[in-house]
Amino acid sequence: MKAATFNWLILMALTALSFGVAEAGVAGGAALVPVLLATLFKGRIVIDRFMALQGVGGAWRWVVLGWLLLVLGLIGYAFQYA
Amino acid sequence: MWCFILAELLVFGVFFLAYAFARTHDVELFNASQLELDRTSGFINTMLLISGSYFVVLAVHRIRHGHSRACTRWLIAAMACGAAFLVLKLVEFSGKIEAGISMSTNTFYMFYLGLGFFHFMHVVLGMVILGAVTLKAWRGGYHATDYAGVETGAAYWHMIDLVWIVLFPLIYLLN
Amino acid sequence: MKYQSQLVAKPYFIAAIGLFLGQILFGLIMGLQYVIGDFLFPEIPFNVARMVHTNLLIVWLLFGFMGAAYYLIPEEAERELFSPKLALVMFWVFLAAGVATILGYLLVPYATLAEWTGNDLLATMGREFLEQPLPTKVGIVVVALAMLFNLSMTVLRGRKTAINLVMLVGLWGLAIFFLFSFYNPGNLVKDKYFWWWIVHLWVEGVWELIMGAMLAFVLIKVTGVDREVIEKWLYVIIAMALITGLIGTGHHYYWIGAPEYWQWWGSVFSALEPIPFFMMTVFAFNMVNRRRREHPNKAAVLWALGTGVMAFLGAGVWGFLHTLAPVNYYTHGSQITAAHGHLAFYGAYVMVVITMISYTMPLMRGRAANSPLAQVVEMWSFWLMTVSMVFITLFLTAAGILQIWLQRISDQPISFMAAQDQVALFYWMREYTGLIFLTGLLLYISSFFIKGKAATAD
Amino acid sequence: MSSAFTKSAARNIFYGGAVFFFLLLIALTFDTMSQLPKRDNRENLSESVLRGKHIWETRNCIGCHTLFGEGAYFAPELGNVYTRRGPDFIKAWIKGQPTGAPGRRQMPNFNLTEEQLDDMVNFFKYTSEINTSNWPPNIEG
């Protein structure tokens, strides 16, 4: 209960941070890493805490986390070497 | 449900990567078009979906303790967030349409409108699912020992949130 | 066989096999015309042979679907068919319409046929696969509606299972999307756009429901695996088929004048189209491995496994090969398409109909399974037809790659006809392989006439 | 998450997914129809072109040729034949069939009148002006 509220606040803060980075006009590689990391962290919270996949046995958690890592990794690659 | 969620994640994932790699062919166009977006609206929408997800977590938490009423209330709160998201999104889209922009305008807008609309329809579907769950919860259809339906609906709603969490920085922020 | 009325499936299946033979003979004629251009000209020009070849395919598959529906729906609904008489009457109507249409193609110039059959009132003819004269099209609608009425009444009054509901939804979809064949706007882009609502939404949409239902039905029977398990698989597979296949229609909209965003939508969704076919393969093998009984009809099990694998190869892999827009830009309208079409139709639809026939025919003839010798012959025909179809596909793929290279990619592109001359070797190899396919088919037909003591489970 | 995947869940995914994606297809179709006027050369759909399309259909040309890559693969692509060969060649070619060259592929003679030949040419001109996203890759089709 309390943990959920805490996670929610972190998600909001990370969103605000990403938004702030863009609003501040930080662009290109300087924005890429923090924004992608924030997204990764947010995704992990949703997957592990909200979807409650952490602690669930089997492949589900790793498949979903793997999806997130793969997509973000390739996005980072595509943006870095555009 | 989970294999369906995975299939959905796969579709979105392919679309995201298609965007990222299509962008490498025309970075200028993507950056220029991206600046025309309403970033604040996207930001508020992210907050709305995250909050909706949080409320759904609380709803699951409540039903686990057998509190049907409280569960129903949190589900309604989540749907309210979803509805607000849809309204904001419609305002955003209608602004673009009035400006004469369509999926055929350029590749960036094809992705912005196409992916946005695809996600939009998912939010609608998610609300239909949450609505069905809410109705059943309100009628006392779930119990502390039997709440699989709430969890399934919640999982789908979180998936929509998760997808948006990637979509928002990708299309609105990164340039 | 539990219900007397299931027997109406028998004439449907016999007609299907007969027309299948006709289809293959015309295929061989066309194959020869590819290399001996004036073969049978002017008696049977290529366009007539092709029309007969493709129309016979569609009609015999429809016969197969209908027969399958008349067999499995009463059994699933646990009651007799609403009206066996109506089903039989419709069989004769459909057969007469089909035969008359084919004779019309062969005996009368197409333009004259169009004039005689009222094409000037409502022009619907002369579009690929929809060449049928207006009365035939109307006939198809009437037959389909009568069948749907008959089957729906049966299901409504009987047990509703996943299998008979999916079968019904598939058949209803088939009938509804066929109505687009009456819409033929002068605007070529619109014409083509909605033409695909029949062709694509049939073969990569509702037909997959029919196929899934037939396969699930046979698998329940021959493996004895719990119905709950099989029906769950069925739902997941067809859900994936529609989720990917509906927007997958977009892979036909790349170069016909539709907006360019279809290149993205079509590529993304049709890249996922192999998934349901892969699941179908896994499904078939999984169920057979978990079987709780040894069914005496080994041939039917072989066909069921075969359709899983070949549908994945033909529709899934060969479809994926040329479905992405940047690839399709070069492969579109080449022999690659022909290669994919052959293996996909054989693997997905021909084989599933034969699976159904193979399982039901012995039952309708009063035995659980054919004699061991008949089954051995049938399995030989399976391997002959399947392997030769794989080689036909490989030769056409080779022809296609060479054709694309010569005509579309190389620095000095050569004309279509010049490129055709260059790939003639592959056409010859395809034609020889086609003869092996015919041998397999004849062997298959002969297996019905082999007598002997019915096989038992060992 | 512990929830078992039941048959009714699978059924709901099937019906829900089918409706969802069919609606999406309709939405995209709606958008396509609104974009077509910019691409489909409808302003040149004259009576003659329509007659040409009718001749195209009633002679079953699609049984040998392709049009925008769709049809049979026995004879050349005709969506761009107007640009490849020009009007006079097309008319002369249709009139000159069949060539009768031994062993070569043959096209029937359809005994078209001069006006019908003009309709065919106009139809091919119309098709060549449709925006097909730069397909075929080169003039050979």
field: Test set (1) of a type outside the set (A, V, I, L, M); (2) over 28 Å from residue D:34 (Cβ atoms); (3) in contact (Cβ under 8 Å) with a residue 40 or more places away in the chain - residue B:146 fails condition number
entry: (3)
message: On the basis of being within 14 Å of chain D (Cβ to nearest Cβ), assigned to a helix (DSSP H, G or I) and surrounded by 19 or more Cβ atoms within 10 Å (Cβ to Cβ), does residue C:168 make the cut?
response: yes
message: On the basis of being crowded, with 17+ Cβ neighbours inside 10 Å and without any contact (Cβ under 8 Å) to a residue 12 or more places away in the chain, does residue D:80 make the cut?
response: no
message: Just to check your reading of the model, which residue among C:360, C:393, C:355 is within 20 Å of the chain's Cα centre (by Cα) and over 20 Å from residue C:309 (Cβ atoms)?
response: C:360
field: Number of the condition not met by residue B:54 [criteria: (1) facing chain A (nearest Cβ under 10 Å); (2) surrounded by 21 or more Cβ atoms within 10 Å (Cβ to Cβ); (3) touching a Leu at 6+ places or on another chain (Cβ under 8 Å); (4) under 30 Å from residue C:272 (Cβ atoms)]
entry: (4)
query: With respect to residue A:74, is the statement that it is surrounded by 15 or more Cβ atoms within 10 Å (Cβ to Cβ) and more than 9 Å from every other protein chain (Cβ to nearest Cβ) true?
result: no
query: Hey, among the residues in the stretch C:415-433 that are touching a residue at least 40 places away in the same chain (Cβ under 8 Å) and farther than 24 Å from residue D:137 by Cβ, which one's surrounded by the most Cβ atoms within 10 Å (Cβ to Cβ)?
result: C:430
- request: Could you please give the count of residues in the stretch D:93-128 that are surrounded by 13 or more Cβ atoms within 10 Å (Cβ to Cβ), part of a helix (DSSP H, G or I) and free of Cβ contacts under 8 Å to residues at least 24 places away in the same chain?
  value: 2
task: Within the stretch D:111-121, identify whether any single residue is within 18 Å of residue C:187 (Cβ to Cβ) and either more than 10 Å from chain C (Cβ to nearest Cβ) or β-branched (Val, Ile, Thr) (or both), and answer yes or no.
output: yes
message: Taking the conditions exactly as written (at pLDDT below 95, in contact with a helix residue (DSSP H, G or I) (Cβ under 9 Å, 6 or more places away or on another chain) and among the charged types (D, E, K, R)), does residue B:23 satisfy them or not?
response: yes
field: Options A:46, A:35, A:56: the member that is within 24 Å of residue A:79 (Cα to Cα) and either at the interface with chain B (Cβ under 8 Å from one of its Cβ atoms) or without any contact (Cβ under 8 Å) to a residue 12 or more places away in the chain (or both)
entry: A:35
query: Across the stretch D:43-53, what is the total count of residues that are under 15 Å from residue D:117 (Cα atoms) and within 7 Å of chain C (Cβ to nearest Cβ)?
result: 2
task: Please indicate, with yes or no, whether at least one residue in the stretch C:79-90 is assigned to a helix (DSSP H, G or I) and among the aromatic types (Phe, Trp, Tyr).
output: no
All positions within the stretch A:10-32 that are more than 9 Å from chain B (Cβ to nearest Cβ) and either among the acidic types (Asp, Glu) or assigned to a helix (DSSP H, G or I) (or both): A:10, A:13, A:14, A:17, A:20, A:29, A:30
- prompt: Would you call residue B:95 within 23 Å of residue D:16 (Cα to Cα) and either of a type in the set (Gly, Ala, Ser) or not in a helix (DSSP H, G or I) (or both)?
  reply: no
- prompt: In the stretch B:98-124, which residue that is assigned to a loop (DSSP other than H, G, I, E, B) and surrounded by fewer than 20 Cβ atoms within 10 Å (Cβ to Cβ) is farthest from the other protein chains (Cβ to nearest Cβ)?
  reply: B:99
- request: Can you tell me which residue within the stretch B:17-47, out of those that are within 19 Å of residue B:92 (Cβ to Cβ) and within 7 Å of chain A (Cβ to nearest Cβ), is nearest to the chain's Cα centre (by Cα)?
  value: B:46
query: Across the stretch B:70-87, which residue is farthest from residue B:143 (Cα to Cα) among those that are more than 12 Å from the chain's Cα centre (by Cα) and of a type in the set (A, V, I, L, M, F, W, C)?
result: B:87
- request: Return the only residue of D:59, D:51 being among the charged types (D, E, K, R), buried (at least 19 other Cβ atoms within 10 Å of the Cβ) and either touching a Lys or Arg at 6+ places or on another chain (Cβ under 8 Å) or modelled with pLDDT of 95 or more (or both).
  value: D:59
- prompt: When the stretch D:54-70 is examined, which residues are found to be touching a strand residue (DSSP E or B) at 6+ places or on another chain (Cβ under 6 Å), free of Cβ contacts under 8 Å to residues at least 40 places away in the same chain and at the interface with another protein chain (Cβ under 7 Å from one of its Cβ atoms)?
  reply: D:62
- request: Mind counting the residues in the stretch C:248-272 that are in a loop (DSSP other than H, G, I, E, B) and within 7 Å of chain D (Cβ to nearest Cβ)?
  value: 7
- line: Subset of the stretch C:36-53, residues facing another protein chain (nearest Cβ under 9 Å) and either assigned to a helix (DSSP H, G or I) or under 17 Å from residue C:98 (Cβ atoms) (or both), comes to C:46, C:47, C:48, C:49, C:50, C:51
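Looking only at residues in the stretch B:125-175 that are in a helix (DSSP H, G or I) and polar (S, T, N, Q), which one is farthest from the other protein chains (Cβ to nearest Cβ)?
First pass over the stretch B:125-175, keeping only residues in a helix (DSSP H, G or I): B:125-138, B:148-173.
If we keep only those that are polar (S, T, N, Q) as well, we get B:134, B:152.
Details: B:134: 16, B:152: 6 Å.
Across the stretch B:125-175, the extreme among qualifying residues is B:134.
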task: Kindly establish whether residue C:349 is in a helix (DSSP H, G or I), in contact (Cβ under 8 Å) with a residue 24 or more places away in the chain and within 20 Å of the chain's Cα centre (by Cα).
output: yes
query: Restricting attention to the stretch D:10-42, which residues are facing chain B (nearest Cβ under 8 Å) and surrounded by fewer than 20 Cβ atoms within 10 Å (Cβ to Cβ)?
result: D:16, D:20, D:23, D:24, D:27, D:31, D:34, D:35, D:38
query: Can you find even one residue in the stretch C:291-307 that is in a helix (DSSP H, G or I), touching a helix residue (DSSP H, G or I) at 6+ places or on another chain (Cβ under 7 Å) and facing chain D (nearest Cβ under 10 Å)?
result: no
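The values are calculated or read from the model by the stated rules, or taken from the named source; none is laboratory data. On a predicted model such as this, the values are computed, not experimentally measured, just so you know. All Cβ positions, even for glycine, are placed from backbone atoms using ideal geometry, and neighbour counts span all protein chains on display.
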